[in-house]
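The values are calculated or read from the model by the stated rules, or taken from the named source; none is laboratory data. The shown structure was predicted, so the numbers you read here are calculated from the model rather than taken from an experiment. Note that each Cβ is placed from the backbone with ideal geometry, even for glycine, and that neighbours are counted across all protein chains shown. Protein only, heavy atoms only, side chains kept; ligands, DNA and RNA dropped before computing areas. Shrake-Rupley method; radii C 1.70, N 1.55, O 1.52, S 1.80 Å.
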Amino acid sequence: MPPTLTGNMHEVSIIGCGNMGRALITGLARDGGFSLTGYDIDPDALAAVEDMCEPTGDLTEATTAPTVVLAVKPTIVPVLLEELELSASQTLMTIAAGVEREYVSAHTPATVVRVMPNLAAEYGEMAAAVSWDAPDTGVRAILEAVGSYVEIDESLMDVATALNGSGPAFVYYLIAAMADRAAAAGMSPADARVLATQTFKGAATTVAAADVSIESLIDAVCSPQGTTIEGMSVLRSSAVAEELGDALDAAARRSAELAGEVNDV
């Protein structure tokens, strides 16, 4: 279902201009291929995006675009679904954690697509998971403009919520841990942050580009009797991998709990 175009612009409305909604608006505005409307009841939230979209506090004005993005907290979704008036020709892209497509579809005639994004959309580096019955042109344009995405079965959306939705916070934690240890050893905190951040960025770029296993990449850095293999021996004998997995499991469980809470509304 192709989006309506204004010239060559995809028309998209973002309902909710909080952290994630603002990140999407920023990334899509930077791309330049979108005509954007942002809706929020908070004047401060609208003020933060007014230079990048058409801001409005009128929900009716914000629901005329072919693609409408529901970027609000899960507990707000039931309230908004009662107020949204969409048609069968429109697509509603929901990014609320734990809110299932079946629930949303029961409240709107629009085509419902579920996406788990993350805040890196602001910089065009978003990792997203999408669940749909069939690829949607408007949603695909959004996802391609602000990063990379994978198509998954909705049964795996709680896993994606933990992995790429909550995952950035876990990565921030690891970056801070490495930078803090370097600073404790005498490096300036600013320099330690630069090196730790770029190290994660470079490592991620390498994993994305290299057609080999991650274990092979680790081995390539580990010279016999060198510094890296000494550090890896500490990691491999620790519970770091298990505890990071436990953090992902906890986030996934909470995503599943949110679904139950919304269904009970």
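Residue separation of V221 and N19 scaled by 0.36 nm, minus their Cα-Cα distance, works out to 69.0 nm of gained length. Out of E122, E151, E230, any idea which swings most in a Gaussian network model of the chain, alpha carbons joined below 10 Å? Looking only at E122, E151, E230, the biggest GNM fluctuation is shown by E230.
Residue ranking by accessible heavy-atom surface, 1.4 Å probe, largest first, among E102, E242, E154 comes out as E102, E242, E154. Taking R0 as 30 Å, what FRET efficiency do you get between A203 and R140 from their Cβ-Cβ distance, rounded to the nearest 0.05? Once rounded, the FRET efficiency stands at 0.60. Rounded to the nearest 20, the Cβ-based charge dipole of the chain about its Cα centre (Lys and Arg +1, Asp and Glu -1) stands at 720 debye.
Extension gain, S188 to L235: 0.36 nm times the residue separation minus the Cα-Cα distance gives 14.4 nm. Of all beta bridges that DSSP places with both ends in the chain, some 15 percent have antiparallel geometry. Taking the accessible area of segment 20-172, probe 1.4 Å, and keeping the other protein chains in place, the carbon and sulfur fraction comes to 51%. Just so you know, the averaged projected area of the alpha carbon convex hull for segment 120-265 sits at 12.0 nm². Across every pair of non-identical alpha carbons in the chain, the mean reciprocal distance, once inverted, gives a Kirkwood radius of 20.2 Å. Going by the alpha-carbon gyration tensor, a ≥ b ≥ c the square roots of its eigenvalues, is segment 1-92 rounded (a/c under 1.5) or, if a/c is not under 1.5, prolate (a/b greater than b/c) versus oblate? Oblate is the answer for segment 1-92, as a/c is 1.5 or above yet b/c matches or exceeds a/b.
With the gyration tensor restricted to C-alpha atoms of segment 162-216, the semi-axes of the equivalent ellipsoid amount to 23, 15, 9 Å, longest first. Among P224, P109, P74, the largest mean-square fluctuation in a Gaussian network model of the chain (Cα springs under 10 Å) belongs to P224.
Of all the options L28, L156, L235, the one that moves most in a Gaussian network model of the chain with Cα springs shorter than 10 angstrom is L235. When all protein chains stay in place and ligands, DNA and RNA are ignored, the 1.4 Å accessible-area order of L119, L36, L163, largest first, is L163, L119, L36.
Name the shape class, rounded, prolate or oblate, that the alpha-carbon gyration tensor gives for segment 108-190, where a ≥ b ≥ c are the square roots of its eigenvalues, rounded holds for a/c under 1.5, and otherwise prolate holds if a/b is larger than b/c and oblate otherwise.
prolate
Solvent exposure of T63, expressed as accessible area, is near 20 Å², computed with a probe of 1.4 Å over the protein chains only. Can you give the FRET efficiency to the nearest 0.05 for M178 and E83, using r as the Cβ-Cβ distance and R₀ = 45 Å? So, using R0 = 45 Å, E works out to roughly 0.45.
May I ask which residue of S166, I142, M178 lies farthest towards the positive end of the charge dipole of the chain, with charges of +1 (Lys, Arg) and -1 (Asp, Glu) on Cβ and the Cα centre as origin? Final value for the positive-end residue is M178.
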